[in-house]
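Q: Can you read through this structure? Questions will come right after.
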Amino acid sequence: MKIDKNQIQDCNQKRIDEHSNNFDFLSNALSRKGYDVETILKKISDFQVAIPSWALGAGGTRFGRFSFYGEPSNLEQKIEDVGLIHSLTKTAGAISLHIPWDVPKDYSAIKQLANALEIKFDAVNSNTFQDKQNAKESYKYGSLSNTSKAVRDQAISHNQEVIKIGEKLGSKSLTVWLADGSCFPGQNNFQTALQNTERSLKEIYATLPEDWRMLIEYKPYEPNFYSTVIQDWGTSLMLANACGKRAYTLVDLGHHLPNSNIEQIVSTLMLKGKLGGFHFNDSKYGDDDLTVGSIKPYALFLIFNELVYGIENNPQNPALAWMIDASHNVKDPLEDLIQSLEAIQEAYAKALLVDQEALKIAQQENDVVKCQEILQNAYRTDVRPLLEKARLNSDGALSPINAYRSLNIRQQLIQERGKNTVATGL
Ligand code: PSV
Ligand code: MN
């Protein structure tokens, strides 16, 4: 299904007066303070976040999976779902595929569909954390780090295959997330596992097309619970440096031990020109896969503050691949993604309001109180009218979540696809 522009306009009609009042008030206040509201609106509109193909079905836990019905059961339907979210939010203009879950059958038809919905193909993700049916070798004890050369070779050629699939779609980066590690002390030789991983990554990197990047994700635990081979940003950065210029670290918000200073990690990586990608989610305890901004919105703002600083001051760092990486059990996945996109835009817009010049002076004068005031003034600003205006300017919905509900999208999807469809993925 597709949402018509007129349907969105009808939904907007009910809210336009309230929006105009709120926007005029905020825009006047910001202009009086010297902000260039048009530039801020443009930056908000330009900020596009990829939707991972695996977040469109109901996520599962190891205890169970509860469907929301009408789930996409093939790649075409996944792209259609992203198209729905994008037409409402105008923020989700890309999809990130996971291979082998999303191998296209007809490349030109898939490209045409994505094109018609204004969806680009973002990073492609390899999967060496599950065994493919009838695969010769098993990843039970690791993939790129495995003690067996035959297993490592299979994992390397899988990644090379993923690159080839991505090339046919117009992707420009490969994301490698490894589940490799150990569950018990003594199970692995740390040094051998790291050396094997470095060698394997270098082999993949050697076949990376000239205009591609390799993004190396890290994670401290899960599914391995004693050690992971690429446990932290330092290890990822070390591997990226070993591979070469076009290899970067990818930060996933959920992949840190509690209380890690993620904003500082982001800042350091950007200074070194090595932050390539970013996965959004939120968590209370670990990699909880919760809706962005639902638990720690201030932490998200502080991270965005460093991202914005880096975007403006670190030309050595490339444009980042932004992606939501969250998927769970209790919400309609499309509503969940809409909420995440809103939280991302909100944190970004607030970070754009940080008075960088004043902050620099306050930092130089060691005026700690003023520094905090500057950050918190930006954080306390209700920027939602700016997000609404940015969406309105691009024919999106003033309130995507309300439009989604009043247009009965889920009910229509259930009618079209039935109740018992299951998305490929976890
Ligand atoms: C597992 O933690 C994970 O969520 C990683 O963050 C990857 O990005 C994703 O799966 C897909 O492989
Ligand atoms: Mn991730």
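Q: Test each condition in (1) within 14 Å of ligand 1 (Cβ to nearest atom); (2) of a type in the set (A, V, I, L, M); (3) assigned to a helix (DSSP H, G or I) for V292 and report the one that comes out false.
A: Exception for V292: condition (3).
Yes/no matrix, rows are residues, columns are (1) among the basic types (K, R); (2) closer than 30 Å to A423 by Cβ; (3) at pLDDT below 95:
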| position | (1), (2), (3) |
| --- | --- |
| L26 | no, no, no |
| A29 | no, no, no |
| T39 | no, no, no |
| S45 | no, yes, no |
| Q48 | no, yes, no |
| I51 | no, yes, no |
| W54 | no, yes, yes |
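Q: Continuing with the same structure: Among the numbered conditions (1) surrounded by 14 or more Cβ atoms within 10 Å (Cβ to Cβ); (2) over 30 Å from N115 (Cα atoms); (3) not aromatic (F, W, Y), tell me where T147 comes up short.
A: (1)
Q: Is it the case, given these coordinates, that S260 is part of a helix (DSSP H, G or I), at pLDDT 95 or above and small (G, A, S)?
A: Answer is no for this residue.
Q: Filter segment 172-186 for residues that are within 16 Å of ligand 2 (Cβ to nearest atom), of a type in the set (G, A, S) and not in a strand (DSSP E or B) and give the result.
A: Matches in segment 172-186: A179 only.
Q: Same structure, new question: Counting only residues that are part of a loop (DSSP other than H, G, I, E, B) and over 20 Å from V229 (Cα atoms), how many does segment 120-137 have?
A: 7
Q: So, one more: Could you tell me which residue of segment 56-76 is modelled with the highest pLDDT, considering only residues that are within 22 Å of the chain's Cα centre (by Cα) and charged (D, E, K, R)?
A: E76
Q: Just need a number here: residues in segment 65-74 that are hydrophobic (A, V, I, L, M, F, W, C) and either surrounded by fewer than 17 Cβ atoms within 10 Å (Cβ to Cβ) or within 16 Å of ligand 1 (Cβ to nearest atom) (or both).
A: 1
Q: Can you tell me how many residues within segment 312-326 are closer than 21 Å to L269 by Cβ and surrounded by 18 or more Cβ atoms within 10 Å (Cβ to Cβ)?
A: 7
Q: Given the criterion under 18 Å from P52 (Cα atoms) and hydroxyl-bearing (S, T, Y), identify the matching residue among Y218, Y205.
A: Exactly one residue qualifies, and that residue is Y218.
Q: Note down all Cβ pairs under 9 Å where the first residue falls in segment 207-234 and is closer than 18 Å to L250 by Cβ and free of Cβ contacts under 8 Å to residues at least 40 places away in the same chain, the second is within 14 Å of ligand 2 (Cβ to nearest atom) and assigned to a strand (DSSP E or B), and they're at least six residues apart or on different chains.
A: Y218/T228; Y218/T249; Y218/L250; Y218/V251; Y218/D252; P220/T228; W233/T249; W233/V251
Q: Considering each residue of segment 267-289, count those that are within 16 Å of ligand 1 (Cβ to nearest atom) and either of a type in the set (D, E) or surrounded by 18 or more Cβ atoms within 10 Å (Cβ to Cβ) (or both), and give that number.
A: 12
Q: Okay, next question. Among the residues of segment 228-240, is any assigned to a strand (DSSP E or B), surrounded by 18 or more Cβ atoms within 10 Å (Cβ to Cβ), within 14 Å of ligand 1 (Cβ to nearest atom) and not polar (S, T, N, Q)?
A: Looking only at segment 228-240, we keep the residues that are assigned to a strand (DSSP E or B), and these are 228.
Among the residues that remain, those that are also surrounded by 18 or more Cβ atoms within 10 Å (Cβ to Cβ) are: 228.
Keeping just the survivors that are within 14 Å of ligand 1 (Cβ to nearest atom) gives 228.
Now drop any that are not not polar (S, T, N, Q), which leaves none.
Within segment 228-240, none of the residues are assigned to a strand (DSSP E or B), surrounded by 18 or more Cβ atoms within 10 Å (Cβ to Cβ), within 14 Å of ligand 1 (Cβ to nearest atom) and not polar (S, T, N, Q).
Q: How many residues, within segment 187-238, are among the polar types (S, T, N, Q), under 20 Å from Q130 (Cβ atoms) and within 14 Å of ligand 2 (Cβ to nearest atom)?
A: 1
Q: Being in contact (Cβ under 8 Å) with a residue 60 or more places away in the chain and in a helix (DSSP H, G or I) is the requirement here; does Q48 meet it?
A: Considered against the rule, which asks whether it is in contact (Cβ under 8 Å) with a residue 60 or more places away in the chain and in a helix (DSSP H, G or I), Q48 comes out as no.
So that you can scan it fast, the table gives a plain yes or no per residue for (1) within 16 Å of ligand 2 (Cβ to nearest atom); (2) more than 27 Å from A240 (Cα to Cα); (3) more than 13 Å from the chain's Cα centre (by Cα); (4) modelled with pLDDT of 95 or more:
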site	(1), (2), (3), (4)
L290	yes, yes, no, yes
S294	no, yes, yes, yes
N305	no, no, yes, yes
P315	no, no, yes, yes
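Q: When you look at L250, is it outside any strand (DSSP E or B), within 16 Å of ligand 2 (Cβ to nearest atom) and surrounded by 23 or more Cβ atoms within 10 Å (Cβ to Cβ), yes or no?
A: no
Q: Shifting gears a bit: Scanning for something closer than 23 Å to V292 by Cβ and away from ligand 1 (no atom under 16 Å from the Cβ), does segment 92-110 turn up at least one residue?
A: Yes: segment 92-110 contains one or more residues that are closer than 23 Å to V292 by Cβ and away from ligand 1 (no atom under 16 Å from the Cβ).
Q: Can you find even one residue in segment 202-210 that is away from ligand 1 (no atom under 16 Å from the Cβ) and either at pLDDT below 95 or among the acidic types (D, E) (or both)? Break it down into steps so the answer makes sense when it comes.
A: Let us first name the residues in segment 202-210 that are away from ligand 1 (no atom under 16 Å from the Cβ), namely 202-203, 205-210.
Going one step further and asking which of them are either at pLDDT below 95 or among the acidic types (D, E) (or both), we end up with 203, 210.
Yes, segment 202-210 has at least one match.
Q: Another question, then. Can you report the number of residues in segment 59-111 which are in contact (Cβ under 8 Å) with a residue 12 or more places away in the chain, of a type in the set (D, E) and under 24 Å from L174 (Cα atoms)?
A: Adding up the residues that qualify gives 4.
Q: Same structure, new question: Can you tell me which residues in segment 168-218 are among the basic types (K, R) and touching a strand residue (DSSP E or B) at 6+ places or on another chain (Cβ under 6 Å)? Explain how you work it out, then say what you get.
A: We begin by selecting, within segment 168-218, every residue among the basic types (K, R); these are 168, 172, 199, 202, 213.
Scanning segment 168-218 gives a single hit, R213.
The values are calculated or read from the model by the stated rules, or taken from the named source; none is laboratory data. Keep in mind the model is a prediction, meaning the values are calculated, not measured. Ideal geometry is used to build each Cβ from the backbone, glycine not excepted, and the neighbour counts take in all protein chains shown.
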